[in-house]
There are 2 protein chains.
Amino acid sequence: MNLSAHISKIARAAKQSSLKLALTPTAERNRALLLMAKALEADSGYIMAENAKDLAEARRLRYAPALVDRLTLDPKRIKDMADGVRATAGLKDPVGQLLETIKRPNGLLIKKIRVPLGVVGIIYESRPNVTSDCAALCIKSANAAILKGGREAIHSNKAIFKVLKRALAKTKIPVEALQLIESVDRQAVHELLRLEHLLDMIVPRGGEDLIRFVAENTRIPVVKHFQGICHVYVSKKADLDMARNITMNAKTQKPGVCNAMETLLVDQAVAKKFLPAAIADLKNAGCEIRGDQAVRSLIKVGIKKATPKDWHTEYLDLILSVKVVNGLQEAVAHINNYGSHHSDAIVTRDQKEAQAFLDQVDSACVYVNASTRFTDGFEFGFGAEVGISTDKLHVRGPMALDGLTTYKYEVYGSGQVRT
Amino acid sequence: MNLSAHISKIARAAKQSSLKLALTPTAERNRALLLMAKALEADSGYIMAENAKDLAEARRLRYAPALVDRLTLDPKRIKDMADGVRATAGLKDPVGQLLETIKRPNGLLIKKIRVPLGVVGIIYESRPNVTSDCAALCIKSANAAILKGGREAIHSNKAIFKVLKRALAKTKIPVEALQLIESVDRQAVHELLRLEHLLDMIVPRGGEDLIRFVAENTRIPVVKHFQGICHVYVSKKADLDMARNITMNAKTQKPGVCNAMETLLVDQAVAKKFLPAAIADLKNAGCEIRGDQAVRSLIKVGIKKATPKDWHTEYLDLILSVKVVNGLQEAVAHINNYGSHHSDAIVTRDQKEAQAFLDQVDSACVYVNASTRFTDGFEFGFGAEVGISTDKLHVRGPMALDGLTTYKYEVYGSGQVRT
């Protein structure tokens, strides 16, 4: 069978099974997840043996240590994967939820009911745990999943997938609801992206290049987050100790993630009082500072010059651009112009100013007096995370089980016709 | 200024104004709508004079009578447009609605708030009333609108637009929130479709060709309905009088619309009892019947042979394909396979069978004992309709004001940082 026919066959099987999966009771889907979790732990030896093949190849090809680390599985990490699947089993079932009831004067009763999307494609990079995370989220929300992991993790992914399928086979969930594309040929992704009549959504998880590649090569709806260019704005009405603490946390607690701060904005009225200490903190933490003219006049040494490109840049690293602004309106304008509409914070004691910031900043998550680092499905209490959407349609911000669903209208009549 | 620069300028003005518009109070947006409605009536003479130019051109080019009718404005139709704008003013404001409140153990308070999308592009064909309908829906939901109507209605659209803008200028709503693309050059649409950084959504309103053209030529999210291939399934447990009534209504009450039935499915157990009378009704109403073999053996005369293509066809006309099926499962499989996931109905007295149909048919609107013709924003009680979505993401089925919004998370802290 050629690749195109093979990928089509996988997608058709997923689609076919999705109709059955949508009808399975909550309890059976949860039982499947608990069996999947148990199987991951029971078969951890097999999974690690297969993982060792990926690691050997990674060493042979001299991959960067960070990549090798992301690839590596050990008993602790496999237990974490199993615990993640178990936690998903414990979440509220989104399927069948009654979202709205409408009673019409003509007697029609309309129920808006949450239902699975159908078939969800997930394209990801090197982390093998995404295979079990996404399989669990899809089974929980009664969606068939087509998984396509990175070539670096192919042996690990195949092993995890095999273990999960074996567990699924002990349940009434159709085993075809989980599909893994094993081909490492890039053409396989292209073939998948063409199947808009069979897939209901694609979620790319990984770097910006992957996300852009997927978004630009398919007509299947894509939920994506391109970038997190997040800001903290320190108002002249800020509690400056709090601002210092939030600044440090938002930049340095985990600089390589999308909800970390990339640009600090400071009101000119407090710049002199706030910046020297805040910048000293950041430098002590190993952070490079790129400042505008005002920052560089205040702190003469050790500040690189920020270029216009810096305001557009997601460093994902211990680098921070800093700008002095003239009040709230300039801060808001900067954020809406240069930001990525992901997560932005104001530090202020003035409630009215806080509300103006919340109202005017056009981002998925807008914070008052808290670190941008909280933009996360778990931190928001959703219990799971598919990703964080910077799109405005369908789902915005942290995406959890609800983002894997749509709704239908069930209309109950007694012979009504339209006149 | 060349076309590309001109369209960009329009979109930038819309984007800029959308930030201000989002902050306007409900009362001011409603006041603007009432002034717009009044202005349409007050200036109906001017609008009709401009409309006469389009009509003269339409006659010169020998347009089909149906198209000329769609183009034509008279005092009654202008009053209807004004009444539509007034009705929109009376709807509940979606903006600012609190969708969810989350209180986290660390003290963070998270509010999920409905907000406007920002800038909405609407591309439509010959009906001039779409100009005022869509302008009203966008202003109501605090979105800037970029309107692009058909070349046939250009004088009418310019006149309506001018009248609406003049009314807007008397309010605190930024007048740039309404934009009309006056160029009739097809390239203007292409230029608009490229501006994914300035537009948040595109809604194409019109025939399938227009919708497909838009969807295939932009990265801006598109909410669309391609087709309405709607079914009525008459179960062996149906009240056959009710089934006859619903069949007639779903097919003949307004055959040219997307929620009209295109295929009738009948259980074999009642085919002999049901079909002769039902088909006689339809034929009396001028309807052509295309039947499968079973239908043609039951009714020997005047039934064309249905080909496989018929099951895929949206006639939008007095034509009906008819198929005899062996029970619920065959009906469901046929609908999910050949339908367009728009609106489908079962006629049955058996509640369990009804629920199985509701659960298994993968369509936006699924009916029990009612005509598919009710799929409509007004009939659902939404008070307005942007269109009917056959997409599954963002909005499904009748789309009203909520479909013109997204949400943001407002997070209130007291210095929380992530550990």
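Overall, the ratio between the Cα radius of gyration of chain A and 2.2 N^0.38 Å, rounded to two decimals, is 1.11.
Of A:Met248, B:Met201, the sequence from fewest to most neighbouring Cβ atoms within 10 angstrom is A:Met248, B:Met201. Size descriptors for the range A:230-374 (Cα atoms only): Rg and Dmax, in that order, 13.2, 37 Å. Helix B:154-168 and the long axis of chain B differ in direction by around 50°, with both axes built from C-alpha atoms. Any chance you could give the angle, 0 to 90 degrees and rounded to 10, that helix A:44-60 forms with the longest Cα principal axis of chain A? That helix lies at roughly 50 degrees to the long axis.
When Rg and the Kirkwood Rh are both derived from Cα coordinates, the Rg/Rh ratio for the range B:151-233 amounts to 1.06. FRET efficiency for the A:Arg151 to A:Leu318 pair, using the beta carbon distance and R₀ = 25 Å, is estimated at 0.25. Over all Cα atoms in the range B:239-305, the spread is summed up by Rg and Dmax: 11.4, 31 Å.
Distances, shortest first, from the label point of A:Lys254 to those at the same position in the other copies read 5.2 nm; the point lies 7 Å along Cα to C-beta. Over 28 Å apart at the Cα level, from the set A:Lys9/B:Lys392; A:Lys304/B:Lys20; A:Lys408/B:Lys92, are A:Lys304/B:Lys20.
Taking every DSSP beta bridge that has both ends in the protein assembly as shown, the antiparallel portion is near 25%.
In straight-distance terms, cross-link reach from B:Lys76 covers every one of the lysines whose alpha-carbon lies under 23 Å from its own, apart from those fewer than eight places away in the same chain; here that gives B:Lys38, B:Lys53, B:Lys158, B:Lys162, B:Lys165, B:Lys254. For B:Phe226 and A:Asn337, the FRET efficiency from 1/(1 + (r/R0)^6), where r spans their Cβ atoms and R0 equals 30 Å, is about 0.25. Starting from the label point of A:Gly286 at 7 Å along Cα→Cβ, the same points in the other copies fall at 8.0 nm, in ascending order.
Which shape class, rounded, prolate or oblate, goes with the protein assembly as shown when its Cα gyration tensor gives a ≥ b ≥ c as root eigenvalues, a/c under 1.5 marks rounded, and past that a/b bigger than b/c marks prolate? It is oblate, given that a/c is not under 1.5 and a/b is not larger than b/c. Cross-link reach is defined here as a Cα-Cα straight distance under 14 Å, omitting same-chain residues fewer than 8 places apart; for A:Lys170 the aspartates and glutamates meeting it are A:Glu28. With N as its number of residues, the range B:81-233 has a Cα radius of gyration that, divided by 2.2 N^0.38 Å, comes to 1.20. Shielding of peptide B:239-248 by partners, expressed as the average count of other chain Cβ atoms within 10 Å per residue Cβ, is 2.
Once the Cα atoms are used to define both axes, helix B:75-90 deviates from the longest principal axis of chain B by about 70 degrees.
Taking square-rooted eigenvalues a ≥ b ≥ c of the alpha carbon gyration tensor, is the range A:1-117 rounded, prolate or oblate, where a/c under 1.5 means rounded and, failing that, a/b exceeding b/c means prolate? It comes out prolate by the Cα gyration axes. All distinct Cα pairs of the range B:137-176 go into the 1/r average, and the inverse of that average, the Kirkwood radius, is 11.1 Å.
For B:Lys272, the point set 7 Å out from Cα toward Cβ sits 10.1 nm from its twins in the other copies, listed from shortest up. Each stretch of four or more DSSP H residues adds -39500 (n - 2.57); spread over every residue of the protein assembly as shown, this sum gives -13500 deg cm²/dmol at 222 nm. Listed by chain and number, the lysines whose C-alpha is less than 20 Å from the C-alpha of A:Lys237, apart from same-chain residues fewer than 8 away, are A:Lys272, A:Lys273, A:Lys323, A:Lys352. Sorted fewest first by neighbouring Cβ atoms within 10 angstrom, A:Met399, B:Met261 come out as A:Met399, B:Met261. Starting from the Cα gyration tensor of the range B:328-384, take the square roots of the eigenvalues, sort them a ≥ b ≥ c, and report rounded, prolate or oblate (rounded when a/c is under 1.5, otherwise prolate if a/b is larger than b/c, else oblate). The shape class here is oblate.
Binning all Cα-Cα separations of the range A:109-159 at 5 Å, short to long from zero, yields these whole-percent fractions: 5, 20, 26, 18, 12, 7, 5, 3, 3, 1, 0. Cβ-to-Cβ counts within 10 Å put A:Thr405, A:Thr348, A:Thr372 in ascending order as A:Thr405, A:Thr348, A:Thr372, the fewest first.
Placing pseudo-labels 7 Å out from each Cα toward the beta carbon at B:Gln329 and A:Ala169 gives an inter-label distance of 2.4 nm. Closest approach of a chain A Cβ to the axis relating A and B (residue, whole Å): A:His394, 2.
Each value in this text was obtained by applying a stated rule to the coordinates, not by laboratory testing. All of these numbers come straight from a predicted model, not from anything done at the bench. Every residue, glycine among them, receives a Cβ derived from its backbone with ideal geometry; neighbour counts consider all protein chains shown.
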